[in-house]
1. Which of (1) aromatic (F, W, Y); (2) surrounded by fewer than 14 Cβ atoms within 10 Å (Cβ to Cβ); (3) touching a Ser or Thr at 6+ places or on another chain (Cβ under 8 Å) is the odd one out, the single condition Y92 does not satisfy?
2. Take region 62-77 and flag every residue that is outside any loop (DSSP other than H, G, I, E, B) and open to solvent by less than 40 Å² (accessible area, probe 1.4 Å).
3. Give, as residue ranges, the strands (runs of 3 or more DSSP E) completely inside region 1-61 that count at least 2 residues that are in contact (Cβ under 8 Å) with a residue 40 or more places away in the chain.
4. Within region 10-45, count every residue that is open to solvent by 40 Å² or more (accessible area, probe 1.4 Å), modelled with pLDDT of 95 or more and either among the basic types (K, R) or touching a Phe, Trp or Tyr at 6+ places or on another chain (Cβ under 6 Å) (or both).
5. When residues of region 95-114 are filtered for being in contact (Cβ under 8 Å) with a residue 24 or more places away in the chain and either open to solvent by less than 60 Å² (accessible area, probe 1.4 Å) or on the phi > 0 side of the Ramachandran plot (or both), how many remain?
Amino acid sequence: QVQLVESGGGLVQPGGSLRLSCAASGSISTNIMGWYRQAPGKERELVATITYYQYTIYGDSAKGRFSISKDNAKNLVYLQMNSLKPEDTAVYYCWLRRGSVDYWGQGTQVTVSS
């Protein structure tokens, strides 16, 4: 069983930055991990993913503004979010795929508002 715990969400003004962290129980070095988000009334959407070989994929809304990284030694995955916009407001979920099984964190709220 894998447990994922997100942190770092909060309220930020437009144009500001936040860094989300996801702590995973157990080694993450061989897994695919990433971040998804879900805004009220909308479907959950991809933000970014990162593989064992540090290959990254970004959703259209994140390209050029967000950066995903991971620290295998500490079992941590990060999402650096810059130039935040009100439309980035959502619950952000950490995700891990091990084999054919998906694991999700409980989510952390990010609110972008003046």
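The values are calculated or read from the model by the stated rules, or taken from the named source; none is laboratory data. Because the structure is predicted, anything quoted here is derived from the model rather than measured. Positions of Cβ are backbone-derived with ideal geometry, glycine not excepted, and every protein chain shown enters the neighbour counts. Ligands, DNA and RNA are excluded from the accessible area calculation, which covers all protein heavy atoms including side chains. Shrake-Rupley method; radii C 1.70, N 1.55, O 1.52, S 1.80 Å.
1. Condition not satisfied by Y92: (2).
2. F66, I68, K70, L76, V77
3. Result: 4-7, 10-12, 18-24, 32-38, 45-50.
4. 4
5. Selection size over region 95-114: 10.
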